[in-house]
Amino acid sequence: MKTIHFFLDFDGTIAASDVVDLVLEKYADKKWKEIEKEWSAGKIGSRECLSRQISLIKANPDDLKNIAYGVSLDPYFLYFLKKAEELGVLVTIVSDGFDILIEQVLKKNFEKHSTLLKALPIFSNKLVRDGEGFKAVFATEPVCEHGCANCKAKVIKKSTSFDDHVFFVGDGLSDRYAAETVHLTFAKGKLLDYCKSKNLDAIAYQDFKKITEWLSDNYPLLRKTNITRTPESKN
Ligand SMILES: [Mg+2]
Ligand SMILES: [Zn+2]
């Protein structure tokens, strides 16, 4: 039997909005937007981008938790998780965001489903208190060739074996190297544009309903077959 492994972006994919952006919008000096532009233009990696942006925040941990508390999830995310559990499909969150924000959003939305939540591995960066604000501590050490804060491609390669069927679900530019690593990506937003421009195998989606239905339909075949296309980056 083949192992089926889904890796999921968090901000804008599982969470309906980008929680890091919400925090910056409310608690950081406006300069954060200039830094964001440098990152979008490909001038700096997410590591440098986040390091500089986080240093502009003046807030305490409760302020951050309050913002995260107001964030809802994709309406079909729970439906997807339950189906994945039923089918024995592995699911992992891989985020370029921060532990305290992700944990708070999930905790609030999963009050009645703590067992599902406990079984969900999360790879992200960390925020630690520093003066009146925070300091970013990055998951990827040493730094990867893309300058990522948390290198999604690296996490995926480390967590899978050559024979697995590997999928990614995402929405943004921090997902591009993940999309280049997996067999098939479910993409929306800027990630969908990127996949199209690079000719990567991708399926457009709006919410997890479509992904869950795709998984149910394709599961019998996936369990049996080898995917013929080998991502070059896995060699
Ligand atoms: Mg995202
Ligand atoms: Zn990287």
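The values are calculated or read from the model by the stated rules, or taken from the named source; none is laboratory data. Computed from a predicted structure; not experimentally measured. Cβ atoms come from the backbone with ideal geometry, glycine included; neighbour counts cover every protein chain shown.
Among what's in the stretch 1-48 and is among the polar types (S, T, N, Q) and touching an Asp or Glu at 6+ places or on another chain (Cβ under 7 Å), pick the residue that is farthest from ligand 2 (Cβ to nearest atom).
Among those that are among the polar types (S, T, N, Q) and touching an Asp or Glu at 6+ places or on another chain (Cβ under 7 Å), it is 3.
In the list 79, 69, which residue meets the criterion of being under 30 Å from residue 214 (Cβ atoms) and out of contact with any strand residue (DSSP E or B) (no Cβ under 9 Å at 6 or more places or on another chain)?
Residue meeting the stated conditions: 79.
Check 112, 126, 107, 135 and return the single one that is more than 17 Å from residue 169 (Cα to Cα), assigned to a loop (DSSP other than H, G, I, E, B) and more than 16 Å from ligand 2 (Cβ to nearest atom).
Result: 112 is the single residue among 112, 126, 107, 135 that is more than 17 Å from residue 169 (Cα to Cα), assigned to a loop (DSSP other than H, G, I, E, B) and more than 16 Å from ligand 2 (Cβ to nearest atom).
Are any residues in the stretch 66-106 under 18 Å from residue 134 (Cβ atoms), touching a residue at least 40 places away in the same chain (Cβ under 8 Å) and either touching an Asp or Glu at 6+ places or on another chain (Cβ under 7 Å) or among the hydroxyl-bearing types (Ser, Thr, Tyr) (or both), and if so, which ones?
Scanning the stretch 66-106 gives 95, 97.
Give me the residue from the stretch 175-204 that is part of a strand (DSSP E or B) and away from ligand 1 (no atom under 14 Å from the Cβ) and, out of that set, surrounded by the most Cβ atoms within 10 Å (Cβ to Cβ).
Restricting to residues being part of a strand (DSSP E or B) and away from ligand 1 (no atom under 14 Å from the Cβ), the top hit is 202.
Looking only at the stretch 18-40, count how many residues are in a loop (DSSP other than H, G, I, E, B) and within 26 Å of residue 141 (Cβ to Cβ). Walk me through how you get there before you give the answer.
Keep residues of the stretch 18-40 that are in a loop (DSSP other than H, G, I, E, B), which gives 18, 29-31.
Filter once more, keeping what is within 26 Å of residue 141 (Cβ to Cβ): 18.
Looking only at that region, the number is 1.
Suppose we filter the stretch 68-104 for residues that are part of a helix (DSSP H, G or I) and of a type in the set (A, V, I, L, M, F, W, C); how many remain?
Residues that pass the stated criteria total 10.
What number of residues within the stretch 138-159 satisfy the criterion of being within 8 Å of ligand 2 (Cβ to nearest atom), out of contact with any strand residue (DSSP E or B) (no Cβ under 8 Å at 6 or more places or on another chain) and in a helix (DSSP H, G or I)?
Adding up the residues that qualify gives 2.
With 157, 135 as the choices, which residue is over 23 Å from residue 18 (Cβ atoms), at pLDDT 95 or above, touching a helix residue (DSSP H, G or I) at 6+ places or on another chain (Cβ under 8 Å) and away from ligand 1 (no atom under 16 Å from the Cβ)?
Criteria check complete, one pass: 157.
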